[in-house]
1. In segment 14-27, which residues are surrounded by fewer than 17 Cβ atoms within 10 Å (Cβ to Cβ), in a helix (DSSP H, G or I) and over 12 Å from the mean Cα position of the chain (by Cα)?
2. What number of residues within segment 63-80 satisfy the criterion of being of a type in the set (Ser, Thr, Tyr) and modelled with pLDDT under 95?
3. Identify, from the list Ala186, Ala198, Ala203, the residue that is in contact with a Gly (Cβ under 6 Å, 6 or more places away or on another chain) and assigned to a helix (DSSP H, G or I).
4. Which numbered condition trips up Asp170, out of (1) over 30 Å from Glu55 (Cα atoms); (2) surrounded by fewer than 19 Cβ atoms within 10 Å (Cβ to Cβ); (3) touching a helix residue (DSSP H, G or I) at 6+ places or on another chain (Cβ under 7 Å)?
5. Say we look at segment 45-89 and pick out the residues that are in contact (Cβ under 8 Å) with a residue 40 or more places away in the chain and touching a strand residue (DSSP E or B) at 6+ places or on another chain (Cβ under 6 Å); which of these is nearest to Ser14 (Cα to Cα)?
6. Yes or no: segment 112-124 includes at least one residue that is out of contact with any helix residue (DSSP H, G or I) (no Cβ under 8 Å at 6 or more places or on another chain), basic (Lys, Arg), closer than 22 Å to Arg19 by Cβ and in contact (Cβ under 8 Å) with a residue 12 or more places away in the chain.
7. What are the residue pairs meeting all of these: first residue in segment 131-155, first residue within 18 Å of Val73 (Cα to Cα), second residue among the polar types (S, T, N, Q), Cβ atoms under 7 Å, and 6 or more apart or on different chains?
8. Which members of segment 1-42 meet the condition of being over 19 Å from Met132 (Cβ atoms), in contact (Cβ under 8 Å) with a residue 12 or more places away in the chain and among the acidic types (Asp, Glu)?
Amino acid sequence: MTDTTPNRNQMLYSQLRDRICLLDYPPDTRLSEEALAKEFGISRTPLRRVLARLEDEGLVQSVHGVGTLVTDVDIHEMQHVYDLRMELAQLIGVLGPISIDDRVIDTARGFQQRGNDLAALPDARAFARLNMDFFDFGLSLSTNQPLRDMSERLYYRTARIWLKSISRMDLGHEITIFRREIDETANALENGDVAAAALIRRAHISMCVQRLKKT
């Protein structure tokens, strides 16, 4: 299959977004266009399009005379974003919910296994990666593209908050709570109930916000 320019740009965007959300690029990191263009083997024109997209989504900012800097994020500043995320989460089960088949159930069970593996070998970065992957899985439960786009945009604006806060939290306890969410979601999907799975996600977002506020 030919690797088209849009595909390459999307891959670059996804990789840079992941690096920001996993704190490989901590807040205030300066992203060098020269270094990134060399690393990914592209010209600066498509790179600048990707950086502009990241800036539009609030993950970086362009500072005159300095360059492109990774932004910081705070739970209290993002409260309204979380409020909207909770409302959008439940709509996944209402607007264009998919039909549940064996593939979806097998995927959910795969996340259960990954959760078990994480509990056996706790790691903050692996937790964050699993959370991101599980979020993407949740989006796949709806065919409503505008809903998916908005949910994704808001999720990645807040994704770094947990990883920034984990040093002040109990990682083992957070993994236990997350495994519970995965198990509850898998059970709902095994019963063909996307709406229930969506409400489970909404409830866990709400509980996560309350825990983060206490850190």
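The values are calculated or read from the model by the stated rules, or taken from the named source; none is laboratory data. Here the structure is a predicted model, which means the values were calculated and not measured. Because the Cβ atoms are built from the backbone with ideal geometry, glycine has one as well, and the counts that use them run over all protein chains shown.
1. Gln15
2. At the first step, the residues of segment 63-80 found to be of a type in the set (Ser, Thr, Tyr) are 68, 71.
With modelled with pLDDT under 95 added as a condition, the list becomes none.
Adding up the residues that qualify gives 0.
3. Values: Ala186 fails: in contact with a Gly (Cβ under 6 Å, 6 or more places away or on another chain); Ala203 fails: in contact with a Gly (Cβ under 6 Å, 6 or more places away or on another chain).
Within the list Ala186, Ala198, Ala203, the selection yields Ala198.
4. Single failed check for Asp170: (3).
5. Looking at the filtered set, the residue picked out is Leu54.
6. no
7. Note: no pairs meet the criteria.
8. Asp28, Glu33
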